[in-house]
Structure formats: structure tokens, C-alpha cells
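Report on the following structure.
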Amino acid sequence: MLIFAGKIEIMVLVGIDWLIIFLFFVVLIAIAVLTSRSAGKGYNEFFLSGRNMPWWLLGVSMVATTFSADTPNLVTDIVRQNGVAGNWAWWAFLLTGMLTVFIYAKLWNRSKVLTDLEFYEIRYSGKMAAFLRGFRAIYLGFFFNVMVIASVSLAFIKLAGVMMGIQPAPALIIAAVIVVFYSGLGGLKSILWTDLFQFGFAMFGAVIAAVLVVKGLPEGVHGLSGLLSHENVAGKLSLFPSFNQSDLFLYIFIIPIAVQWWAVWYPGAEPGGGGYVAQRMLSAKEERHAMGATLLFNFFHYALRPWPWIVVALASLVIFPDINSMVSAFPGVAKQYIREDFAYPAMLRTFLPPGLLGLVVASLIAAFMSTVASHLNWGSSYLVNDFYHRFYNPKATEKQKVLFGRISTVVLMVFGVLLALVLQNALQAFQYILMIGAGTGLIYILRWFWWRINAYSEISAMIAASVFSLGFIIVENFFMIRLTGLTGNVQVFSFETTETYWNIIKLVGVVVLTSASWITVTYLTKPVNSATLQSFYKRIKPGGPGWKKVVRDAELAGISIVSEKNKSWDVPVGILCMLLGSITIYSALFAVGYWIYGEFATASVLSVVALIAAFILTKTWKRLSFD
């Protein structure tokens with residue numbers, strides 16, 4: 001980067017950059033073709049890779065799916081607005097992830113379902129169980145996945161516009177065609193192997209970008225130490241929000257760590273497991289591989305991956321202190337796309353030299369494609385198995401199911417691209433998804449361990465979450481309109497005290513009201529029939545006090561549903577492993593941060609804590625039972 005009299009000179013892609021991007025696509029397509037030979041044989045191969053995948057490949061695929069082109073943008077948005085501590089909005093989900101590792105991974109693998117939505121008809125009974133499965137197939141398979149695809153496509157639009165000089169529509173069409181080609185060609189197996197390549201490529205690009213941004217900072221900043229002491233950055237470095245700002249402390253830290261992680265459904269961090277994480281666990285060779293995959297995913301996702309993005313986000317506060325500075329630097333980009341999250345691609349375009357610019361652009365394209373491909377395959381698996389085959393064509397052949405899966409892959413991509421042109425920033429979609437999932441998380445945990453939950457419980461939870469979320473949004477908009485009329489200017493997502501407390505009330509209110517609704521409905525409706533509950537218990541072996549009635553009733557009827565191997569309930573051991581795993585990964589996350597900050601004594605202590613916790617964890621998880 002060159003700066004003359006305060007003016008920023010923006011780098012442009014040259015021949016070597018375009019060559020690197022072209023070679024990236026060639027390698028990607030080659031991997032897809034080589035791994036696609038068996039995908040068309042049937043549903044099991046196309047969507048679950050024959051249930052024979054190793055833990056390390058599945059774990060990398062999980063983390064590659066959550067590493068999209070919009071993820072650095074989201075982290076940048078958070079850091080610029082709320083500092084590094086703002087990342088507790090998603091760091092808190094590690095607790096959910098650790099529960100999945102040590103409790104739910106083996107339960108999902110035991111279920112042997114084709115999708116996690118098939119779970120509904122082995123756990124619940126009657127027409128409402130079928131309705132719930134079909135409704136979720138459309139809601140998650142189509143609407144939710146379209147929203148996620150649109151969100152990451154929005155990031156790709158900004159990437160293409162800022163770093164490649166391509167208009168949104170042509171850029172998305174080109175990328176969409178390639179993604180649909182390899183995800184539709186080889187199914188999950190192609191996605192897993194391309195994810196391995198793309199994740200390594202994307203992480204290398206993220207680290208290179210962070211190093212070059214720091215090295216390229218203007219004179220007077222003096223590298224990393226100068227960046228961290230800069231007046232625009234120094235107040236953003238804390239890993240925890242200040243106690244002195246009680247509203248921020250509550251909103252950024254207390255609510256996520258006390259409520260959000262168990263109460264809110266969010267993809268990749270679903271309470272009770274689920275989604276594309278469950279798809280990977282169902283594809284594992286056996287229970288230990290399912291557990292190992294989710295553990296590797298959580299370690300990469302939380303402990304290692306965020307810091308290159310955080311460094312670039314902090315540096316952006318020096319070069320682009322506000323949105324207007326980015327608008328001035330990029331006059332050719334539509335203003336609707338220039339928000340706080342725009343700073344990440346803006347920094348890359350500003351600092352990276354020819355060759356490396358193309359490499360990093362290709363790495364971000366890799367991140368975009370891995371996420372979109374996984375959501376296309378995951379969403380179409382719901383549409384095929386839980387809607388088309390279950391309700392429309394129960395006699396469909398394996399080839400017909402694969403064909404419908406490929407068609408639905410194209411449809412999902414088309415609608416995702418169209419919606420991307422409406423969204424404005426990544427944080428907007430993130431906040432919306434959190435709101436519509438608020439209050440439903442607890443039921444996804446308890447349905448494994450409390451026999452009384454039924455299909456009506458889940459249906460009422462979904463309805464209540466949507467209704468109460470909409471109600472709070474209507475109230476919010478009403479008061480915003482009234483306030484706008486008085487002041488003439490309102491900043492909707494500012495973190496002024498009043499609005500921060502309102503956001504807390506909104507989230508907690510939806511959680512409490514939704515939870516109260518589905519618990520009430522549970523007791524007012526009939527329980528699942530005994531045969532279904534006994535079959536579920538024998539198949540999953542959840543154990544615990546929440547199933548004592550089912551076990552007792554089965555014994556009275558002369559039915560054995562408890563195996564000798566699984567008589568003991570190991571969930572308490574799993575919770576202990578969850579706590580040890582959380583200590584390990586949080587310590588590693590903070591240790592990396594303090595090494596970067598130059599606080600070596602604190603970093604050393606946290607590194608030792610991480611190693612000790614990891615050692616104890618390896619001894620403790622051996623007490624878990626496996627089939």
C-alpha cells in the first residue's frame with residue numbers, strides 16, 4: 001500500500017493474480033471429478049458418503065463449512081463496533097459445541113438416520129411427528145438454507161466488487177455455476193475432499209493477509225506493537241467487556257455465556273447437535289470418529305481461526321476509521337454494500353501486492369464455495385429424504401432421489417443468489433437468525449433426555465419463537481418511528497445504553513416466553529406412545545432419570561430395552577469432559593491472543609492451563625461408553 005498526502009492507493013489484480021485464481025478453480029474441479037465416481041449410486045453415497053468417513057476429514061469439513069467469505073466480514077464488523085470482546089456473541093457457542101462432542105455425537109451416530117430430521121419419526125409418534133418432519137424439511141431445507149447462502153453470497157459480492165472489479169450479478173453467476181457443478185456432481189464425498197483443500201488454502205491466505213497488513217501499515221504505526229497502541233485500536237483489545245460498562249458487559253458477555261449458548265438455535269452450534277454437523281456425524285465410521293470430528297472442529301473453529309481476521313479488523317480502524325473513509329476510497333462500489341463488514345475486503349485490496357492478492361482472493365473464494373456447497377448438499381438432503389421421498393414419492397428409486405437432489409441443489413443456489421442482492425451486511429443476517437432461533441435451544445437438548453417431550457412441544461416452540469420475535473420487532477420499530485419523528489435521526493444498531501438494554505430484554509424475553517409456551521403445551525398434550533419411546537430408548541440408549549418411567553413400564557410389560565453394556569449413565573462424565581474441553585479451548589484461544597498482544601507472561605500461563613486441561617481431558621473421556 002502507498003499513501004500520498006493521506007490518499008490511499010488501491011492495488012489492482014494483474015495477470016499473475018488471475019492465473020492463480022484460474023489454477024485454483026482447475027484444482028478444485030479436478031478434486032471434485034476424482035472423488036465423484038460413486039456419488040450417483042444412491043442417496044447414502046450422495047448425502048452421507050457411504051457412512052465410512054474418518055474423523056479428521058469430517059472435522060476439517062465442519063470447520064471449512066463455517067469458514068465462509070462472510071465470516072471474516074462478520075468478525076470485522078463485530079470488532080469495529082464492539083472490540084475483540086464483542087466476539088463473545090459467538091465464542092459462547094463453544095459450550096454447545098463441547099456438549100455435542102462428548103454427549104450428542106455418539107447419540108446421533110447410533111440413530112443411523114439419513115438426516116437429523118428423520119429423528120422426529122423415531123423419537124415422536126403420530127401425524128404431528130410426520131408434519132414436524134415435513135415442515136422442518138421445507139423451513140430448514142429451503143428457506144433457512146437460502147438465507148445462509150444469500151448471506152455468504154453477499155460477502156462474495158463485496159469480495160468481487162472490491163478485489164476483483166466484477167459486478168455482483170456476473171460474479172455470483174460464475175461462482176454459482178462452479179459450486180453447483182462440483183456439489184451436484186460428487187455429493188458429500190466431493191464436498192469433504194474439496195473442503196480439505198479449500199480450508200488449508202483459506203487459512204493460509206488469512207494468515208498471509210494478516211502478516212502483510214501489519215507489515216504494510218503506514219509510517220508512525222510501527223508494525224504490530226504500533227498497531228496495538230494506536231489510539232483507534234487500544235480501546236478495542238480487551239478479551240472481556242469492561243465491568244464499568246454494565247450494559248455492554250451484560251449484552252456482550254453475560255447473556256451469551258449464561259443464556260444464548262443453550263437457548264438459541266444457530267447453524268453449526270445447535271443445542272443437541274443437528275444440521276450439517278449432524279450430517280457429518282452421521283457420515284462417520286463409528287461413534288469415536290463422530291466425537292473426534294466434532295472435537296477437531298471446535299478446536300479449529302474457536303482456538304485458532306479467529307485471530308488473523310481480528311488482526312486485520314483492528315488494522316482497519318487505523319486505515320478506515322469510519323464508513324465514510326471507505327466510501328471515499330472505493331467510489332466504484334455501491335454505497336449499499338459499504339458497512340462496517342466491508343472493511344475486511346477493503347484492507348486486503350489496499351495492502352496485498354500482485355500475486356499474493358490473487359492468492360488471498362482465491363482463498364476467500366474457497367471459503368465461500370465450501371460453505372455454499374455444504375449448505376446446498378445439506379439443504380437438498382432435507383428436501384429429498386424428508387419431503388420428496390417421505391411425502392411425495394415414497395417409492396422413489398435411488399437414482400430418482402439423487403436426481404431430485406441435484407435439481408434442488410440448483411434451485412437453492414438460484415434463490416440464494418437472488419436474496420443476496422437484498423441484504424446489506426453479514427451482521428444483519430446473523431442477528432436475524434439468532435432472533436428466530438431464540439428460545440428453541442432448550443428443547444433440542446431435553447428431547448434426548450426427557451421422555452415427556454412430544455412433537456407438539458417442538459411445533460409450539462417454533463411458532464412461539466417466531467411470534468414473540470416478530471412482536472418484539474414490531475414494538476421496536478414502533479418506538480424507533482416515534483423516536484425518529486422527535487429527533488430526525490436514529491441509529492438502529494448503536495450500542496447506547498437504552499438500546500443495549502432493549503436488545504437484552506428482547507433476547508431474554510423471547511427465550512422465556514418461548515420456553516414457557518412449549519413447556520405448557522407439553523403438559524397439555526398427550527405423550528408419545530410407549531412403543532415409540534421404548535424403540536427410541538433401545539436404539540439410542542440415552543439413559544438417565546428422564547427415562548426411568550419408560551424403562552420401568554417396559555420392564556412391567558416384559559420388554560428389555562436396557563443393554564448390559566449401557567446400564568450406567570455416562571452423561572455426568574460427558575459434562576465433565578465438556579467443561580475440561582471448554583477450559584482447554586478457551587485457554588488456547590486467549591493464549592494466542594495474548595501472544596499476539598505481546599503479554600508473554602499471561603500467554604505462557606494460559607498455554608500451560610490449556611495443556612494441563614487437555615491432558616486431564618484425554619484421561620477422562622476414556623470413561624465414556626461406546627457401542
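Residues checked against (1) in contact with a strand residue (DSSP E or B) (Cβ under 9 Å, 6 or more places away or on another chain); (2) open to solvent by 50 Å² or more (accessible area, probe 1.4 Å); (3) under 30 Å from Ile443 (Cα atoms):
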site	(1), (2), (3)
Leu228	no, no, no
Trp265	yes, no, yes
Gly273	no, no, yes
Leu282	no, no, yes
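Taken together, the residues in the range 65-80 that are modelled with pLDDT under 90 and open to solvent by 10 Å² or more (accessible area, probe 1.4 Å) amount to 4.
Note on the range 348-382: residues that are open to solvent by 20 Å² or more (accessible area, probe 1.4 Å) and not in a loop (DSSP other than H, G, I, E, B) amount to 3. Give the residue, chosen from Trp265, Trp193, that is within 30 Å of Asn377 (Cβ to Cβ) and in contact with a Pro (Cβ under 8 Å, 6 or more places away or on another chain). Of the residues listed, the single one that is within 30 Å of Asn377 (Cβ to Cβ) and in contact with a Pro (Cβ under 8 Å, 6 or more places away or on another chain) is Trp265. For the range 213-251, the set of residues classified as of a type in the set (A, V, I, L, M), in contact (Cβ under 8 Å) with a residue 12 or more places away in the chain and not in a loop (DSSP other than H, G, I, E, B) consists of Val213, Val214, Leu224, Leu227, Leu228, Leu248, Leu250, listed by residue number.
When each of Ala202, Ala155 is tested for being under 18 Å from Phe351 (Cα atoms), within 22 Å of the chain's Cα centre (by Cα) and crowded, with 24+ Cβ neighbours inside 10 Å, the lone residue that passes is Ala202.
For first residues located in the range 355-384 and in contact (Cβ under 8 Å) with a residue 12 or more places away in the chain and under 15 Å from Thr65 (Cβ atoms), partners that are open to solvent by less than 10 Å² (accessible area, probe 1.4 Å) and acidic (Asp, Glu) and lie 6+ apart or on another chain with Cβ distances below 9 Å form the pairs Ser370/Asp195; Ala373/Asp195; Ser374/Asp195.
Among the residues of the range 205-226, those identified as at pLDDT 85 or above, in contact with a helix residue (DSSP H, G or I) (Cβ under 9 Å, 6 or more places away or on another chain) and open to solvent by 50 Å² or more (accessible area, probe 1.4 Å) are Val207, Val211, Lys215, Leu224. Applying the condition of being open to solvent by less than 10 Å² (accessible area, probe 1.4 Å) and assigned to a helix (DSSP H, G or I) to the range 104-117 and asking which residue is farthest from Ile583 (Cα to Cα) yields Leu117. For Gly543, the test of being open to solvent by less than 40 Å² (accessible area, probe 1.4 Å) and of a type outside the set (A, V, I, L, M) is passed. Of all residues in the range 498-522, those being of a type outside the set (S, T, N, Q), without any contact (Cβ under 8 Å) to a residue 60 or more places away in the chain and open to solvent by 70 Å² or more (accessible area, probe 1.4 Å) number 1. In a helix (DSSP H, G or I), closer than 30 Å to Val327 by Cβ and among the aliphatic types (A, V, I, L, M): is that true of Val148 in this structure? Against the criterion (in a helix (DSSP H, G or I), closer than 30 Å to Val327 by Cβ and among the aliphatic types (A, V, I, L, M)), Val148 qualifies. Of the residues making up the range 523-540, those that are within 23 Å of Ser460 (Cα to Cα), open to solvent by 50 Å² or more (accessible area, probe 1.4 Å) and assigned to a helix (DSSP H, G or I) number 3.
The values are calculated or read from the model by the stated rules, or taken from the named source; none is laboratory data. This is a predicted model, so every value here is computed, not measured. As a convention, Cβ positions derive from the backbone with ideal geometry for all residues, glycine included, and neighbour counts pool all protein chains shown. Accessible surface is based on the protein model in full, side chains and every heavy atom, while ligands, DNA and RNA are left aside. Shrake-Rupley method; radii C 1.70, N 1.55, O 1.52, S 1.80 Å.
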